[in-house]
Structures are given as C-alpha cells and as structure tokens.
2 protein chains.
Amino acid sequence: MGKKGKSGISPTRADNYAEWYQQVVRAADMAENSAVRGCMVIKPWGYAIWEHMQRILDGMFKATGHKNAYFPLFIPKSFLEKEAAHVEGFAKECAVVTHHRLVEGPEGGLIVDPKAKLEEPLIVRPTSETIIGASFASWVNSYRDLPLLINQWANVVRWELRTRLFLRTTEFLWQEGHTAHATEAEALEETRRMLDVYADFVENHMAIPVVKGRKTESERFPGALDTFCIEAMMQDRKALQAGTSHFLGQNFARASGIKFQDKDEVEQLAWTTSWGVSTRLIGALVMTHADDDGMVVPPRIAPAHVAILPIFRDDDSKVAVMAHVEQLASRLREQRFGDRQLEVEVDTRDLRGGEKNWSWIKRGVPIRIEVGPRDVEAGGAMLVRRDQGIRDKKSVTVDELVATVPTVLGEIQTALFERARANRAEHTREIDDWDEFVDYFTPKNKKQPEVHGGFAMAHWCGEAEVEEKIKEMKVTIRSIPLEGDETPGRCIVTGKPSPRRVLFAKAY
Amino acid sequence: MGKKGKSGISPTRADNYAEWYQQVVRAADMAENSAVRGCMVIKPWGYAIWEHMQRILDGMFKATGHKNAYFPLFIPKSFLEKEAAHVEGFAKECAVVTHHRLVEGPEGGLIVDPKAKLEEPLIVRPTSETIIGASFASWVNSYRDLPLLINQWANVVRWELRTRLFLRTTEFLWQEGHTAHATEAEALEETRRMLDVYADFVENHMAIPVVKGRKTESERFPGALDTFCIEAMMQDRKALQAGTSHFLGQNFARASGIKFQDKDEVEQLAWTTSWGVSTRLIGALVMTHADDDGMVVPPRIAPAHVAILPIFRDDDSKVAVMAHVEQLASRLREQRFGDRQLEVEVDTRDLRGGEKNWSWIKRGVPIRIEVGPRDVEAGGAMLVRRDQGIRDKKSVTVDELVATVPTVLGEIQTALFERARANRAEHTREIDDWDEFVDYFTPKNKKQPEVHGGFAMAHWCGEAEVEEKIKEMKVTIRSIPLEGDETPGRCIVTGKPSPRRVLFAKAY
C-alpha cells in the first residue's frame, strides 16, 4: 500500500483481477504489446527472469543427460499432415508462409511478389514434433543410437484470437524436449522424470506449489498416449497448467519412421516423448506472487536480488552517500545466494526518491536498501523486504546487512512458497455433493464474475460424458493427481465407482 | 592422417575445398541440411559450440552495460517501408506470412484457407531495426532514458538462393545489439566499443585472428552512416566478415521517431547503433582450424575439453579399465580451464576402438585420452592433442595428466591462434603494381579454381569506380583497417593520392 492506503497498482486484484494482471506486467517493465497482433515485446526485466529460468532448467536438463540442438523454424505443410491427431490439434491456426519476395508496387511501397509463390507453403512451427521426427528418423539406426535425448530452446507461433501478455500470445518462447527410446518402459520413465524436473523447478525456484497429475484422455496432447502435467493455483483461484510431459508411444515414430535395429537385428519402432514449458510460466509467476503494489519476484530467479537506493539532497551529501553505497554494493556482490553471486542494482537515476522506490516495488526486487546521509553517519542502512509491508523498514548496520542478506533472501523464497501454498489450501475443498459442487464453482461477486471457490477434489467415474457436462460450467478435470488421498468413492455425477478423487477447476 | 596416409575427411582441402568444408561439418556432427529449403539442423556438437559462444559473448555484453530483451519474430510490411535504404537491403528476399489458417482440402490433406488472409502481410524478421525502433520510440522520452543498451538473441530469416551450412542459410541464429544515445559522440564510441568486444572474443576465444576496419560506402549496412567490421582469413585465403558494428546516425531514429527531451527541454532525435554476429562464425571456425582429418575446436569454446576412450577386450579388463577411467574423469572435472570446470566425455559406446577414436578426431575435441589395461597397470594413460599428429601419443601418469591438462589446453588455444596468424601472414602481401595485383588474384590451379594469393594491402584513392572495376575480379575492399601501416601512397588503379593501404580480398 502506498500513501493514504493507495496501492501501487490500479485497479487492485479485488477490483478487477484481469486488468490488475496487465497493469502489474506493465508497471514491472516486464513486457508490453507490440505493433504485431498478439505478439509481445519482452522487456529487459521480464527477459532477465526468463534467462534465469532458462539457466536453471537447462542445467537440470543437462544433468539428466539431455543435449540441446536447433531445428528449422519452418515446417513443410506435408509434415503436419503426417500425424492425424496432430493436424487436428495444431495445423489449423498457424502462420503460413506462402511467398519469398516483396517487390515495389505500382503505387510505391511494397507488395507481395506473385511470381515468388512457394511450391509448398511453410508453417511457422507451432511445435516441432514433426520436423524433429524427420531428423530422428535419420539419426536413429541401431539400438546403440538410443536413447536420444534432445532439447530445443525456441520461439513458436500459434495463431491466437484473444491474447494476454505471457499467458497467451501468438509468438512465445519455450523449450521442447524430444526423446526416443528402445522400450516403452524407458520412454515412460523419461516422461515421469521430466515431470519431476518441472515440479522441482517450479516449486523450488519459482516458489509456485504444483499438483503433479495425469491428464484425462480428452485433455491429452494431440497424438499422445499419456500426458502428465503440473497444475498451479493462481490468486483468482483458477488453475494454470505450468508444464507438460507427454508419452507419445510409437505414434510419432510411426508417422516419422523412427526405426532401429535391436540387439537381435530386428527392426523396431522407437518410443518417443516430448515435454515443454514456456514463457507462459512467467504469467503464472505474476499471478502467484504479485500483490496490489506490483510484482514480487522470488529471489532464486530475480534479475537483481537487491536494489540500493541512495538518498541525498545536495552534492556534498551525494559524495558521502555514494561512497558508502558503492562499498556496500561491492561487499554484497561478494556474497552468494543459491547458485550465483548476489546481483545488486545501485539506482543512480536522476529521479525523485519516491519515484525510484516505487519503481523497485513494482518490479518486485526481493530486497530494497535505502541509504541516506544519516545512515552514512551511523554506518548503517534501511532494509525493506518486498514480501513484507512497504513501510516495514529495518535499520541495520552494514556488517549485519552483508552477513544476513543471503539468509533473508532464503526466508523470502520460503515465505513466498508458503504463502502460495496456504492460499491453495484455503481454496481447495473435497466435495461429494453435486449441489455443493455447482455452488462452489458459481461466482457470487457481481463485480468480479470470475471469482469462485477454487480447486475441488471430487470423485469421477472416468466417463467422458461427465467431463463434457461439467465443462458447461467452464470447469475441467485438471488432472488425476499422482499423489495424495487414493481412497475410492462414488462419482459426483453418476454415482458410479471412482478409483480416487481428481482435481476439478476453472483454468487459464 | 589415418592409416596408410588416408585422411579422415575426403576430399581433402587441396582436392576440393568447398566439398571438404561440407564433409567436415557433417563428420563432426555439427549440422546438416533439413527438409526445409536452405534451413539447417544444428546438431548437439555444433549447438554446444554456439552455446559457449553465446555464454562468453553474453557476459561481455552485460559487462559493457547491455541488457537482453526479446522482440516479435514478425515485422509488419509497413515497418520495412519506413527506411528507404533498408527496403533495398532487406525487404526483397524474405519469408512472407500471408495467411493464418489451414483447412482440409477437397481432396484431403491441408490447404491454405483463402478466408484467413491477413490484412497486412507479415515478414519474418531479416533483422529487427524497424520493430525495435518502434519500441525504442515509446521507451525513450527524456535524456534520462538514454543511453538505451539492448541486445537480442534470436533467429532471423533471409531468403537465400544458394545456401551452405553455417555460412549462408535461410534461417540463422544471431545476436543483434541495438542502442540509442543522446549524442553522436556516444553512439560512435559505442559502435567502436562493440567492434572491440567482437575482436576480443573472436581472437581470444575462437582463436581466429581478425583485421578491424571500416567498410567503404558501397559495403555499408543499408541505412548506416558508418559500418565497422572484423575480417578473418579462411584456409582458402578468402576473407570472411566475422562481425559488424554500425553507426546509424539519426536515420533510424528519424524513421522510427526515437526522440527525447534534452536537459534544456528541447526535443532531439536520438543517435543509434546496431551490431551483430551470427552462427556464420561457426563456419569461420571450421574454415580457420579444421584440417584434413576433420574439425579442430579451440578449447575455450569446446563442448568437451577431453574425451576419454576406454579400451578393453573382455569383461574383466572392462571392470578395471572403467574404474580407472571414472576416477580419472572425476579428478579432471575438478580442474578448471578459462572460465569453467573441465568438461570430460567418457565414451562408453558399444563401438570398436578405431571408430570411437576417429569420431572424436573428426569432432575436434582438444584432447583425447586413451586408457587400456596396460595403462591401468602402469597407473597412466595415453594423451593425444588434436592440434598435433593423430599418432603423436604421449604416455603420462595420472597425476601428471590431472596437473597438466589445463596447461596443455592453454597451449592448444595459443597454438591454434598462432597457426592461423601464420597462415594469414604467409598469404598477405603489400602490392603496388596493378599487373601484380591482377596476377595475385588470378587462380593458377585448374583443379582448385578458387585458390589465389590471399589478402592484398594496396592503396586506393577512395573512388567508388575503382571498387567497381576491381569487383569484376570478384575482389572487394574488405575494409579500411583501423590499425597497421598508415603511410600514404598512390592508388593502385588511378595513381591518385591514397591516405593509407586498404585490405583487398575475395570474400565469402
């Protein structure tokens, strides 16, 4: 909260959640809409968060034996036609390249050159299963070539009608893992391993608690035999799918011809998997941690751990304050948190103190340190944690500060995770009664028609018709959880036997 | 050289340089052509080289105050029309997105949906000056917002008719720096600073000696007032432009409307720069260091510093050898070279020893270590350097090995640079006579019509007509060097005064 109870972001979450989200992203200087429909510009603060996510995930991929490679941006139309379910899922709304030249038009300016039409249209990749499949088919000949464990960091394009920064954009950045194995068991193991990697990363680095689960048949990736996912609860109680890992069986191997000679020299089809997370995760980060004053970034992925704000009134005090600040900054930069040295920003911009302070609150830097002339005299500084009240300043000596900042960062990381977990617990309910279920998902607040109960753990008999019926309320089965209560029961709709409760929610 | 003088790569450089290049890239498992015309697949070994290049360059960019951001893949046609010279240079041969949907065709399969035609065609970025300019225009308002120092790592597309792996591909990966400044002097300083960063990186990490220089007017980036470049000599004596840094004056600021209020509240146009290097540099790496046995990777950017090849005949010897090898590998991994821990590959593939050995020679790993049963008994191993003869094995104890590998890597790094510098010196000549100049660039070898003298340092009066005349021989002025001999003289063509010698060469 700012002056006189005014918040840093307007509207607040309670007033208009959807608009609050957009304002947080903009006020934090993370991203903005571009002149190109549905495509965003990721600004330095937002991109630096993505870089830290990439660095950590990439290390986890490499530690589990994967290597990066890069495949073409364009996919021939014929490739997309190879796998029937894939066509349904991806080939329809996409960017189609039809020509390779512009020429000067009769009225000046440029026009598409009708003489430069491509023989076969190219699709800007919505995902790379088919083009990577073609490479795998030529790389894999013998069981000795397996497993083949490849990851790609890339941009992809899906033509979206309604877009929202990070959450749903026509172009987005992601990683897509693609692996081929000699046996079904190994491919299944890989699928689950990468789900665990995602859960570990999202919980321990992004401080977002997730439910690991298996998708129902109707929610699977087009062409997959099994899709696993991690689901997170946002502050408006909706679910967001934060990562998926697919067991593709032999479907894509068959479509692409990924075959190998086994040890007995018998030709076999390979078993493949794919798995991915995207810049959409940054949307989940905002909706999990940000508050009415702006963004809050967990220290492990923060572009800067600490912002130091020097305060001075004239040139004399400036010299003294800046000397103190530079010394403090360099001592802090020698400290470590997690897997890196502390990153410290000293804000020397020619702006008023309040404006500077608010810019760092809105960006969500974990720790702000204010240093004014009086702090210099006392050999100290004022420390403010972003996860606490913005006026909750603590006066500390420089030695204390240098010694405790890594610990405080650890406390912030934990506090953010615990706060998100408490929010999820508060809005998760076991429901066994249909009327209660309907009531739970019915918005009560006219001002905020989206606000509803949250996650419901309820029994389901496994029938697709039940899913369809519940979808009318915009509620879907997010997953059949892999952990938690496994007691059987009766389906909330049909009363038929259910092996265990599943996770129902409205979703992004 | 392999058995009986047979080389690892066929043909050799002397037999067919262009084909040798393609074979080296393929044999090293660095890249291959894809099913999409002109687009390559970058395989793990090649991509890992790019990752190390990225990591080091990115650190240098950040150390000089730049931040990364990401801008849209697509550029509206109208943006490209804004800057006249830019249209000429880039807008013509490009991938044009005209539709956003495929539908099922009357005969099955997919066709482009005529109802989904875009109102304005989108161009897949050939470079991002115009789209980044639009963002800069909204980000820059006051002198306080300057300098704005942004870099982007991205894929770009230029529709090329004749493509060659890494050297010229329709899609390639690169970084493009874009900066805006309050004054001309600052923008010029930035342009030169980034040229120095590139020269430092290419010489000290890629071990490729370069000439820093300024392009002549006819060779400038479309829309630039001044283009600086680094030029390297390949083993066929042709030049390859390894990086460029452009001073754009106020041209792009004017086209995009990048304006700011100065300290006196007067509106001013900003001064901008742009600079980039691409995966083309990997082509330069191959053509500088590879030999007739395959790739040679400088240790500082090598995906692995050391490959250990265990040799055994039966399961008993396997147990002993593998125990020895694993211990050696883990001790080596604790050592450092340059800015990272040693990366060590233990090749346990189920392949014959010779095949394994050759696969690492062809990939160009700096050091190979062979460990067989006799080495285990002696507590040692055989060390082979890639920059020396492939039979030049040295028997060493494990302790020696662990202690000296970082030193040997440093020696290899230096040796590769010195070898390349010697090659350049051997094929660079000061020429003052026109007949000699013509003879120098005239191929003598019928088998290899491309082989000619190399670099010529000659005087030029500054007239574009002279450049045109010399271009008939496929020779261009690569740059007006920034260093070296600055003695004036007489133009080799017109006899008019010349302020200093310039660099003439045939080029990629």
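The values are calculated or read from the model by the stated rules, or taken from the named source; none is laboratory data. The shown structure was predicted, so the numbers you read here are calculated from the model rather than taken from an experiment. No Cβ is skipped: glycine too gets one built from the backbone with ideal geometry, and neighbour counts run over all protein chains shown. In case anyone asks, the SASA skips ligands and DNA or RNA and just uses the protein heavy atoms, side chains included. Shrake-Rupley method; radii C 1.70, N 1.55, O 1.52, S 1.80 Å.
What number of residues within segment B:58-80 satisfy the criterion of being of a type outside the set (S, T, N, Q) and surrounded by 19 or more Cβ atoms within 10 Å (Cβ to Cβ)?
13
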Original post:
Just wondering, is there one or more residues in segment A:14-22 that are facing another protein chain (nearest Cβ under 9 Å) and open to solvent by 20 Å² or more (accessible area, probe 1.4 Å)?
Top reply: no
**OP:** May I ask you to list pairs of residues, at least six apart or on different chains, whose Cβ atoms are under 9 Å apart, with the first in segment A:185-211 being basic (Lys, Arg) and the second being open to solvent by less than 30 Å² (accessible area, probe 1.4 Å) and outside any helix (DSSP H, G or I)?
**Re:** A:192/A:228; A:192/A:245; A:192/A:247; A:193/A:245
Original post:
Among the candidates A:420, A:458, which residue alone is surrounded by 15 or more Cβ atoms within 10 Å (Cβ to Cβ), in a strand (DSSP E or B) and of a type outside the set (Asp, Glu)?
Top reply: A:458
Original post:
Could you give every pair whose Cβ atoms fall below 8 Å, whose first residue belongs to segment B:301-318 and is basic (Lys, Arg), and whose second residue is at pLDDT below 90 and surrounded by fewer than 23 Cβ atoms within 10 Å (Cβ to Cβ), counting only separations of at least 6 or pairs across chains?
Top reply: B:318/B:312
Original post:
Checking residue B:2 against (1) farther than 27 Å from residue B:124 by Cβ; (2) modelled with pLDDT under 95; (3) surrounded by fewer than 16 Cβ atoms within 10 Å (Cβ to Cβ), which single condition isn't satisfied?
Top reply: (3)
Original post:
Can you pull out the residues in segment A:390-400 that are open to solvent by less than 40 Å² (accessible area, probe 1.4 Å) and either under 18 Å from residue A:8 (Cα atoms) or polar (S, T, N, Q) (or both)?
Top reply: A:390
Original post:
Considering segment A:63-78 alone, what residues qualify as being more than 7 Å from chain B (Cβ to nearest Cβ) and not hydroxyl-bearing (Ser, Thr, Tyr)?
Top reply: A:63, A:65, A:66, A:75
**OP:** Keeping to segment A:205-222, report how many residues are under 21 Å from residue A:179 (Cβ atoms), at pLDDT below 95 and either surrounded by fewer than 24 Cβ atoms within 10 Å (Cβ to Cβ) or assigned by TED's automatic domain parsing to the domain that holds residue A:456 (or both).
**Re:** 2
**OP:** Report, by residue number, each residue of segment A:266-307 that is β-branched (Val, Ile, Thr) and either touching a Lys or Arg at 6+ places or on another chain (Cβ under 8 Å) or closer than 15 Å to residue A:30 by Cβ (or both).
**Re:** A:279, A:282, A:286, A:288, A:296, A:297, A:301, A:306
Original post:
Which one is nearest to residue A:155 (Cα to Cα), of the residues in segment B:132-150 that are in a strand (DSSP E or B) and open to solvent by 10 Å² or more (accessible area, probe 1.4 Å)?
Top reply: B:149
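From B:158, B:162, B:144, grab the single residue that is touching a strand residue (DSSP E or B) at 6+ places or on another chain (Cβ under 9 Å), within 9 Å of another protein chain (Cβ to nearest Cβ) and not hydrophobic (A, V, I, L, M, F, W, C).
B:144
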Original post:
Any chance segment A:100-121 includes a residue that's at negative phi, in contact with a strand residue (DSSP E or B) (Cβ under 9 Å, 6 or more places away or on another chain) and in contact (Cβ under 8 Å) with a residue 40 or more places away in the chain?
Top reply: yes
Subject >> Condition check for residue A:466: modelled with pLDDT of 95 or more, in contact with a Cys (Cβ under 7 Å, 6 or more places away or on another chain) and open to solvent by less than 40 Å² (accessible area, probe 1.4 Å) >> reply: yes
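Among B:174, B:153, which is assigned to a strand (DSSP E or B), under 27 Å from residue A:29 (Cβ atoms), more than 10 Å from every other protein chain (Cβ to nearest Cβ) and of a type outside the set (D, E, K, R)?
The unique qualifying residue is B:174.
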**OP:** Could you grab me the full set of residues in segment A:39-57 that are more than 9 Å from every other protein chain (Cβ to nearest Cβ) and either surrounded by fewer than 17 Cβ atoms within 10 Å (Cβ to Cβ) or within 30 Å of residue B:76 (Cα to Cα) (or both)?
**Re:** A:49, A:54, A:55
Original post:
Can you tell me which residues in segment B:301-338 are closer than 19 Å to residue B:353 by Cα and aromatic (Phe, Trp, Tyr)?
Top reply: B:312
Original post:
Do we find a residue being closer than 22 Å to residue B:295 by Cβ and surrounded by fewer than 22 Cβ atoms within 10 Å (Cβ to Cβ) anywhere in segment B:182-204?
Top reply: yes
Subject >> Residue list for segment B:423-454, restricted to those being closer than 16 Å to residue B:238 by Cβ and surrounded by fewer than 12 Cβ atoms within 10 Å (Cβ to Cβ) >> reply: B:426, B:442, B:444, B:445, B:449
Subject >> Residue list for segment A:84-126, filter: more than 8 Å from chain B (Cβ to nearest Cβ), over 28 Å from residue B:92 (Cα atoms) and either small (Gly, Ala, Ser) or open to solvent by less than 30 Å² (accessible area, probe 1.4 Å) (or both) >> reply: A:84, A:85, A:86, A:89, A:90
Subject >> residue B:239 being small (Gly, Ala, Ser) and more than 12 Å from the chain's Cα centre (by Cα) >> reply: yes
Original post:
Does residue A:383 fit the bill of being assigned to a loop (DSSP other than H, G, I, E, B), under 30 Å from residue B:148 (Cα atoms) and in contact with a Ser or Thr (Cβ under 9 Å, 6 or more places away or on another chain)?
Top reply: no
**OP:** Please go through segment A:36-91 and pick out each residue that is within 21 Å of the chain's Cα centre (by Cα), of a type in the set (A, V, I, L, M, F, W, C) and at pLDDT below 95.
**Re:** A:90
Subject >> Answer residue from segment A:251-265, given it is in contact (Cβ under 8 Å) with a residue 12 or more places away in the chain and open to solvent by 40 Å² or more (accessible area, probe 1.4 Å) and is nearest to residue A:24 (Cα to Cα) among those >> reply: A:251
**OP:** Scan the strands (runs of 3 or more DSSP E) fully inside segment B:266-362 and keep the ones with 2 or more residues being more than 16 Å from the chain's Cα centre (by Cα), buried (at least 22 other Cβ atoms within 10 Å of the Cβ) and not assigned by TED's automatic domain parsing to the domain that holds residue B:146.
**Re:** B:306-310
